[in-house]
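For reference, the structure is listed below as structure tokens.
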Protein chains: 2
Amino acid sequence: MATHEKIRKIFADVLACGERVITEDVAKRVLSEYGVKVPPYALATSEAEAEEKSGQLGFPLVAKIVSPQILHKTEVKGVKLGLQSQADAREAFRDMHGRLAQRYKLKGVLLEKMVPSGAELIVGLQNDPQFGPIIMAGIGGIYTEVFKDVAFRVLPITGADALSMIEELKGKRLLEGFRGASPVSKPMMAEVLVNLGNLGADLAAYYESVDFNPVIFYERDYYVVDAKIILRETTDPHAISRAQPDSTSMDLFFNPKSIALVGASPETGKVGNSVLESLKRFPGTVFPVNAKGYPEIMGIKAYRSLEEISEQIDLVVVTVDLKFVPDLLKQAATKSNHNFVVISGGGKELGGERAAIEAEVKRLSRELGIRIIGPNCIGIFNAANRLDCAFQGAKRMVRPKKGTVAFLSQSGTIGIAFMEASDTFGVSKMISYGNRSDVDEADMISYFSEESQTRVIGLYVEGFGDGRKFMNAAKRAIAKNKKPIVVFKNGRTAVGAKQAASHTGSLGGSYGVVKGAMEQAGVISVDSYEELTSALKALNWQPVPKGSRVALVTNGAGPVITAIDNFERLGLQVAELSEQTLRTFKAHYPPTYIIGNPCDITGSATADDYRFAIQAFMEDPNVDILMPWFVFQDDPLEETIVDVLAAFQERAAKPMVIGAMGGPFTIGISQRIEDARIPVYHSAIEWVAAAGALARWARVSGASS
Amino acid sequence: MATHEKIRKIFADVLACGERVITEDVAKRVLSEYGVKVPPYALATSEAEAEEKSGQLGFPLVAKIVSPQILHKTEVKGVKLGLQSQADAREAFRDMHGRLAQRYKLKGVLLEKMVPSGAELIVGLQNDPQFGPIIMAGIGGIYTEVFKDVAFRVLPITGADALSMIEELKGKRLLEGFRGASPVSKPMMAEVLVNLGNLGADLAAYYESVDFNPVIFYERDYYVVDAKIILRETTDPHAISRAQPDSTSMDLFFNPKSIALVGASPETGKVGNSVLESLKRFPGTVFPVNAKGYPEIMGIKAYRSLEEISEQIDLVVVTVDLKFVPDLLKQAATKSNHNFVVISGGGKELGGERAAIEAEVKRLSRELGIRIIGPNCIGIFNAANRLDCAFQGAKRMVRPKKGTVAFLSQSGTIGIAFMEASDTFGVSKMISYGNRSDVDEADMISYFSEESQTRVIGLYVEGFGDGRKFMNAAKRAIAKNKKPIVVFKNGRTAVGAKQAASHTGSLGGSYGVVKGAMEQAGVISVDSYEELTSALKALNWQPVPKGSRVALVTNGAGPVITAIDNFERLGLQVAELSEQTLRTFKAHYPPTYIIGNPCDITGSATADDYRFAIQAFMEDPNVDILMPWFVFQDDPLEETIVDVLAAFQERAAKPMVIGAMGGPFTIGISQRIEDARIPVYHSAIEWVAAAGALARWARVSGASS
């Protein structure tokens, strides 16, 4: 019988007895099955057995009461440390059993060899609402509780995942030979985490939570000293989501031949009026639908219902109350319409009967095979055919030029902001997906990973629908299609996440778990909407660096300091310039320039001074990424700097991201530089975040060594 | 003899013996003098004394070797715990003394009553290069070292300072009754910190560092268990700077009648050419000076040297190499010129002989009584008379309109960026002060606290010249003149601070110390240049709130989540709306609106929907600050919203900060709202930072209860 089969049987037996707590003796058997070390132990069910088995184990020992009804053994004085003899063991049994047998159902007393003190980890297995079974590791003791110094990953994990978890802990110094202790072998520690993770993945259907606390590590050895397993009330065979991303019919959202708008209105200021205005730009057929029976709306023949339309409809856009959507879906099904965009909100974010309506919409989507984007969104945009169904008029919202960045946003507001912000670098397609009744992040990532117009994918998310499905889609897009995915997860604090939940009805969960999952999936995770936009622009326009060593040149140092303050957070290093570079700088520049990295060429800097530094950085084998900052306002700097930079971009040897702050002149010159596809940032934080995204992509895509 | 006089004598005696380490017996006497409790102890100098004194103290005891040569007692086995009898004490003395007497100069063995375990703090006294004597407190044990969970304040401290230090510690839960322990009395803890702080302030001239580690706290009692005092090699009577802010002649920088420009150049692209271009706008007399002997430059009669000018010169602006400045100062002194602005860089930031030149400039400034701004800066700007001496041409850099914000920047680059960014709300005066040879932050704050055009002061700083002098000036401007001071300290990480040091030759020091000092001074400390600008705009235009409870209303929720994620960092709370407000919302709004705080009035929101919510928030006694967010792109929202908001601003009952992101339409409508002096932010982080600054100012100025 395979390991996990054996254990499933053990758990089933426990559940059959009406218990949910796995006693320590059984938990240790389970661990042994997974090759995890526990201190030598034996279960004694009588005083005689305690005497006999203690003699076999040797001393010192600890005695612990074993009962499925006792979760906190110390609280009932059910633990005795430092037993030194068989007589001690007999006495410990007599005392505990005597005191506790009347109040609890006892299995006996566990005798366990005491192990020396060492570096302690706490390891936990939990079921996350977004990601399913996850593993948590933290420095043991009160550190974990007070300092919240923990790392999470989604199960199962690889050795590399385990090592990166350890690196994430601030308290890792305590494992690395703190105050004269021997350092713990990290590969060994990683192996333990992998084994515990395998157990967690295999048995996810059964447990509610598992605590290994503490796991004691020595230089080359370890023990799991205590294990607490609590089973679910009923097993959940779907604990690990096996859902596959589904990009069926996704393309029809963007390339329909005909569109019906249910809720089309002749009244300005109504959502259904603005959407029709938007749809009029679309080159195919549009059918306005309004139950009031207008003969035409905005000069287009109108219909009372979907049923009245005899022609084929590829896409139905809905702005009427969500409560009408179930009927619309049923009507559409009879006419083999494929896709729906439901702009109307008022679904699960309101709870109660409104949530029930949305649940029905979701059910019908599956049953009838109709793909739905929304509800509670602004829908879709295709830059190629200029199709959009936004209720933001052309006068109020810029539709971006065609480019190669796809953008997916749970928030319509962020989708709108991005549409306008991305006009500089261009968009392939945008989806505002709102409450995600059907099409979710994974489906979209899966679609865009194969879609030829898209090279880079951006995602704004408040809570994942099926985190595991998302991770699988993301990993595939990254590994197979080599498309970077940049994610900003909003709602990170408890109070922010609560707000996110009321917004699109999604459960944010712990940000720690999301952070771990993004790290694991190879996603480029950023810390604000501004960083998201910044990263996408850089990834869209710049080559992949070979590493994360940055060289900076500037005629004004303040913002450079801010950038460097963010290097550690973003995984960047200040490049150590080669002797050659430093020599040429010293020979070339006047003595008032501050040679080094950053290279401060002061307010006297000319375009040629910049050219010289950038050329040297391009040739320096110690430099991977270039970050020039400019005070374009300084008069000595000629406007020919635009051509200097454009010439470097043509060679595209190493990525370059530029920073500059200022008014109309700075904005104008920045635009001319961006015409050459070199990104310019007007905030030091966005500037350095762009470099951080490039470096992260280099690591994830394997470009950096 | 006063306490500190007694102790100074003790220290002087130790130094006279050629020692720098205060032994534990003496340290404990020092503590007792300051009313700080130490466990009962006695020094034994013989076995007999050990036996006798141990009997008097009672048991259990700990024995510790006492020697000025032994800093780490445990490393030489110089500590023995758990002595239970007089025989134990005699034996401990014999053992330690026997082993160690040959290698070290011993004073004897300290016998100390062992105290029960409790909550441990580590408290340290240090001398900071910017702020002088400071106190540090952290959770004891390895927490402090590994998690860097410490708080700093500048000495002396008040009880309120001490309490706020404790609140700053992440690990404060360990003091508040963790896992069933009794909570420690915080007023008692604060009193201990105040006493240790007084000791630190009184004796600052003598010590290099002091460690109280651990201080053990119980519910209503405590002990300082170990104290380590290391003296300076030579005492420093100036350890606590007594420097007073000096605003003498400051006004002459901004209102001179005549200006000489040394380095004026006819060549475009030269700094001295651009500065002359700027000075030409100034309505007084300008004397271009250039050693090459041009008869005129830009049509203005030129001079070979300052000496050639027979008229009075109020201000000398210098763009020539710093090495000429000492001579210029001497020449100017003979002509009673008051002020210099030295734009040229190349001083202490380069080290070596260049640093020596700058030191000479500094010395001459004092000796000759000439006030200097710079070197290494872009100088000054006065919005009233349009005087500036920037080498950024009018075509390249906007000079802002006249307003009430004064801005001081160590970085010229940030000064330039701010000049342009502040054109919306206006500036009184700007100073880019660079290397700060003479005029420093404190002098400027002191000047602006009395200057009538200025209501709000902003400061960008990389390292303080004299932190204590700054704090005094800031406290006075805040308390007496009621002018808020907003500070962004750049260079916070070790690597960033190193860069700041090479930039303007200033020592950044630990950011923890700066953070503590800003808290203590009542400064509004922000985390980026963008937050600095955002805060200044809000403080300039909006009334002071009564507290920090925020109400939000929006037609798009994404950015609201980001804002709320930042509430804790910024000391803001989500206001709990009154029953009355919630009732009116429910009665008024359609069922698809999400009632609450934030109030999500969805994409269907009209201007009147906003008016209704804002009116309710203005009337709700539970709301202090209003944060409306707008998706102006949404068609249902009428442009009359501008008038709605302006009407609220006229009543100016509660402060309001607005957020919106988007392209030309959004920017246009935002400008119209800002015309009514309501600040609009285009990033959620800047938006919430502005609210945070208002709330902080309410606390500091005493407006909030």
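Taking the DSSP bridge list for the protein assembly as shown and keeping only pairs wholly inside it, about 50 percent are antiparallel. Couplings for the stretch B:439-449, taken from phi via the Karplus curve 6.51 cos²θ - 1.76 cosθ + 1.60 with θ = phi - 60°, read 5, 10, 3, 5, 4, 5, 4, 4, 4, 6, 5 Hz in order; Gly and Pro are left as x. Summed over all non-identical Cα pairs, the Kirkwood treatment of the stretch A:81-164 gives a radius of 16.6 Å.
Between B:Lys402 and A:Gln615, how high is the FRET efficiency from 1/(1 + (r/R0)^6) when r is the Cβ-Cβ distance and R₀ = 45 Å? Nearest 0.05.
0.50
Amide H contacts of B:Gly458: B:Ala406, B:Phe407, B:Leu408, B:Val486, each under 5 Å away and 5 or more positions distant or on a separate chain (H built 1.01 Å from N in the peptide plane; Pro and chain starts excluded). Using every pair of distinct Cα positions in chain A, the Kirkwood expression returns a hydrodynamic radius of 29.0 angstrom. Name all residues of the stretch A:58-90 having a backbone nitrogen under 13 Å from the label point set 7 Å from the Cα of A:Arg103 along its Cα→Cβ direction, giving them as ranges. Once the point is set 7 Å along Cα→Cβ of A:Arg103, A:69-79 turn out to lie under 13 Å by backbone N, inside the stretch A:58-90. Each of B:His238, B:His588 has its accessible area taken with a 1.4 Å probe; listed largest first, they run B:His238, B:His588.
Here the stretch A:224-304 carries DSSP beta bridges of which approximately 25% are antiparallel, counting only pairs with both residues inside. The HN-Hα couplings worked out from phi for the stretch B:23-30 by the Karplus form 6.51 cos²θ - 1.76 cosθ + 1.60 (θ = phi - 60°) are 6, 4, 4, 6, 4, 6, 5, 4 Hz, whole numbers, x standing for Gly and Pro. Dipole of the stretch A:36-122 computed with +1 at Lys/Arg Cβ and -1 at Asp/Glu Cβ about the Cα centre; of A:Gln56, A:Leu110, A:Val76, farthest Cα towards the positive end is A:Val76.
Between the amide H of A:Gly663 and those of B:Val398, distances stay under 5 Å, these residues lying 5 or more places away or on another chain, with hydrogens modeled in the peptide plane. Partner shielding of B:170-176 amounts to 2, given as the average count of beta-carbon atoms from other chains within 10 Å of each residue beta-carbon. Sorting A:Arg399, A:Arg569, A:Arg492, B:Arg90 on solvent-accessible area from highest to lowest, probe radius 1.4 Å, gives A:Arg569, B:Arg90, A:Arg492, A:Arg399. Using C-alpha pairs under 8 Å with a sequence gap of at least 6, the mean separation divided by the residue count of the stretch A:238-293 gives a relative contact order of 36 percent.
Compute the angle between helix A:186-202 and the longest alpha-carbon principal axis of chain A, please, reported from 0 to 90 degrees and rounded to the nearest 10. Between helix and principal axis, roughly 90 degrees. Rolling a 1.4 Å probe over the protein heavy atoms leaves B:Glu308 with an accessible area of roughly 90 Å². In degrees between 0 and 90, to the nearest 10, how far off the longest principal axis of chain A does helix A:47-57 point, with axes built from Cα atoms? That helix lies at roughly 70 degrees to the long axis. Antiparallel DSSP bridges in the stretch B:248-402: what percent, to the nearest 5? Looking only at bridges with both residues in the stretch B:248-402, the antiparallel portion is about 20 percent. Here's how it looks for A:Gly379: its modeled amide H is under 5 Å from those of A:Ser432, which are all 5 or more places away or on a different chain.
Considering the rotation that superimposes chain A on chain B, the residue of A whose beta-carbon lies nearest the axis, and that distance in Å, is A:Phe147, 3.
Toward the positive end of the charge dipole of chain A, with +1 on the Cβ of Lys and Arg and -1 on the Cβ of Asp and Glu, the farthest Cα among A:Val461, A:Thr285, A:Phe630 is that of A:Thr285. In the protein assembly as shown, a dipole from Cβ-located charges (positive for Lys and Arg, negative for Asp and Glu) runs towards its positive end, and of B:Met298, B:Val215, B:Ser249 it is B:Val215 whose Cα lies farthest in that direction. For the listed residue pairs A:Lys489/B:Lys148; B:Lys401/B:Lys537; B:Lys483/B:Lys546, the alpha carbons are over 22 angstrom apart in A:Lys489/B:Lys148. Across peptide A:404-414, the average count of Cβ atoms from other chains found within 10 Å of a residue's Cβ is 4. Dipole check for the protein assembly as shown: with +1 at the C-beta of Lys and Arg, -1 at the C-beta of Asp and Glu, and the Cα centre as origin, the magnitude is about 380 Debye. Helix B:641-651 and the long axis of chain B differ in direction by around 60°, with both axes built from C-alpha atoms. The calculated FRET efficiency for A:Ala653 paired with A:Arg583, based on their beta-carbon distance and R0 = 22 Å, is about 0.55.
Please give the average number of partner chain Cβ atoms lying within 10 Å of the Cβ of each residue in B:340-346, rounded to a whole number. Numbers along the way, then the final one.
Details: counts 0, 0, 0, 1, 4, 7, 7.
Other-chain Cβ atoms within 10 Å of each residue's Cβ, averaged: 3.
Dipole check for the stretch A:340-389: with +1 at the C-beta of Lys and Arg, -1 at the C-beta of Asp and Glu, and the Cα centre as origin, the magnitude is about 160 Debye. The lysines within cross-link reach of B:Lys323, meaning a Cα-to-Cα straight distance under 19 Å and a gap of 8 or more places when in the same chain, are B:Lys270, B:Lys292, B:Lys348, B:Lys362.
Just subtract the alpha-carbon distance of A:Ala494 and A:Ala160 from 0.36 nm times their residue separation and send over the number in nm, one decimal.
On the way: separation 334, 0.36 × 334 = 120.24 nm, distance 2.97 nm.
Stretched out fully, the A:Ala494 to A:Ala160 stretch lengthens by 117.3 nm.
Scaled to the globular estimate 2.2 N^0.38 Å, the Cα spread of the stretch B:659-705, given as radius of gyration, is 1.40.
Helical content of chain B, expressed as a calculated mean residue ellipticity at 222 nm, amounts to -11500 deg cm²/dmol (DSSP H runs of 4 or more residues, -39,500 (n - 2.57) each, divided by residue number, nearest 500).
To the nearest 20 Debye, how big is the dipole of the stretch A:320-437 about its Cα centre, given +1 on the beta carbon of each Lys and Arg and -1 on that of each Asp and Glu?
Working: 17 positive and 10 negative charges, 69 e Å.
It comes to approximately 320 debye.
Keeping every protein chain in place, order B:Glu360, A:Glu619, B:Glu451 by accessible area at 1.4 Å, biggest value first, i.e. largest first. Display every interim value, and only then the final one.
Numbers: B:Glu360 55, A:Glu619 130, B:Glu451 20 Å².
Correct descending sequence by accessible area is A:Glu619, B:Glu360, B:Glu451.
For A:Lys107, the lysines whose Cα comes closer than 20 Å to its Cα, not counting residues fewer than 8 places off in the same chain, are A:Lys9, A:Lys28, A:Lys53, A:Lys64, A:Lys73, A:Lys77, A:Lys80, A:Lys228. Placing pseudo-labels 7 Å out from each Cα toward the beta carbon at B:Glu308 and B:Leu15 gives an inter-label distance of 5.5 nm. Surface analysis of the stretch A:14-91 yields an accessible area of 46 Å² per residue, using protein heavy atoms and a 1.4 Å probe. Between B:Thr235 and A:Lys77, the simple label model (points 7 Å from Cα in the Cβ direction) yields a spacing of 6.0 nm. 3J(HN,Hα) along the stretch B:111-127, derived from phi through the Karplus expression 6.51 cos²θ - 1.76 cosθ + 1.60 where θ = phi - 60°, amounts to 9, 9, 4, 6, 10, x, 6, x, 7, 9, 10, 10, 10, x, 10, 9, 10 Hz, with x in place of Gly and Pro. What accessible surface, in Å², does a 1.4 Å probe find on A:Lys586, ignoring ligands, DNA and RNA and rounding to the nearest 10? Per-residue accessible area (A:Lys586): approximately 140 Å².
Note on A:Ile139: accessible area approximately 10 square angstrom, rounded to 10, probe 1.4 Å, nucleic acids and ligands left out.
The values are calculated or read from the model by the stated rules, or taken from the named source; none is laboratory data. These numbers come from a predicted model, not from an experiment. In this analysis, Cβ positions are derived from the backbone assuming ideal geometry, glycine residues included, and neighbour counts consider all displayed protein chains. Ligands, DNA and RNA are stripped out before the accessible areas are found, and what is left, the full protein with its side chains, is counted by its heavy atoms. Shrake-Rupley method; radii C 1.70, N 1.55, O 1.52, S 1.80 Å.
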